[in-house]
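The values are calculated or read from the model by the stated rules, or taken from the named source; none is laboratory data. If you're wondering where the values come from, they're calculated on a predicted model, not measured in any experiment. FYI the Cβ positions are ideal-geometry reconstructions off the backbone, even for glycines, and counts take in every protein chain you see. To get the accessible areas, we keep the full protein, side chains included, count just its heavy atoms, and leave off ligands, DNA and RNA. Shrake-Rupley method; radii C 1.70, N 1.55, O 1.52, S 1.80 Å.
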Amino acid sequence: MKLKNQHKNVTLIIEEKLLSSLGVLGVASFPNECGGLLVGYYSNDSMSLYITDHILPHKQKGSPASYERSSEGLEEKLHQIFSSKKEHYIGEWHTHPECSSMYSQTDLNAMRQIANSIDVSIMNPILLILSISNNRICEFSAYLYDNKELFKYE
């Protein structure tokens, strides 16, 4: 599946299989939110971003309207992925149970913190939100973070 971000003229590519596996995780956590990290790479010309995988945190806490993850052990996992596949952290994903896939102010604030972290080396992290019910993905939205704002991929 390909989505385009007009703000930066970047194409986001994600396989249906990966999206489905995130949906399975979301349904299993229903009615609470869940999430994790996104892994992938940019094309040589930086005009395409490929989401290839995800990482689940060791610890996470979700409720029907919030999600928090621990960063414990994530740096090691990311180093392993980079060493073996030359892929890296590209952003975050989480679910919105029985709600829209539009980002919230909390989501925007979290992306601002992530982008400003000295541990994050990507300028435009991605936020992927899956709206889920008790048995399926209802919709999803992907956003590119730039200059303290989120811009949707269409």
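The residue pairs whose first member lies in segment 82-110 and is in contact (Cβ under 8 Å) with a residue 12 or more places away in the chain, whose second member is open to solvent by 20 Å² or more (accessible area, probe 1.4 Å) and in a strand (DSSP E or B), and whose beta carbons are closer than 6 Å, counting only pairs six or more residues apart or on different chains, are GLU87/TYR41; GLU87/THR52; HIS94/TYR67; SER101/GLU139; SER101/PHE140.
The criterion of at least 3 residues that are open to solvent by less than 20 Å² (accessible area, probe 1.4 Å) and in contact with a helix residue (DSSP H, G or I) (Cβ under 9 Å, 6 or more places away or on another chain) is met by the following strands (runs of 3 or more DSSP E) wholly inside segment 1-90: 35-42. Which ones in segment 100-144 are in a loop (DSSP other than H, G, I, E, B) and crowded, with 16+ Cβ neighbours inside 10 Å? Once the filter is applied, which keeps residues that are in a loop (DSSP other than H, G, I, E, B) and crowded, with 16+ Cβ neighbours inside 10 Å, segment 100-144 yields SER101, TYR103, ASN124, PRO125. Of note, ASN147 does not satisfy the criterion of being in contact with a helix residue (DSSP H, G or I) (Cβ under 7 Å, 6 or more places away or on another chain), polar (S, T, N, Q) and open to solvent by 10 Å² or more (accessible area, probe 1.4 Å).
Yes/no per residue for (1) closer than 19 Å to ILE137 by Cβ; (2) modelled with pLDDT under 95:
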| position | (1), (2) |
| --- | --- |
| ILE13 | yes, no |
| LYS17 | yes, no |
| GLY23 | yes, no |
| ALA28 | yes, no |
| VAL39 | no, no |
| ASP53 | yes, no |
| PRO57 | no, yes |
| SER66 | no, yes |
| ARG69 | no, yes |
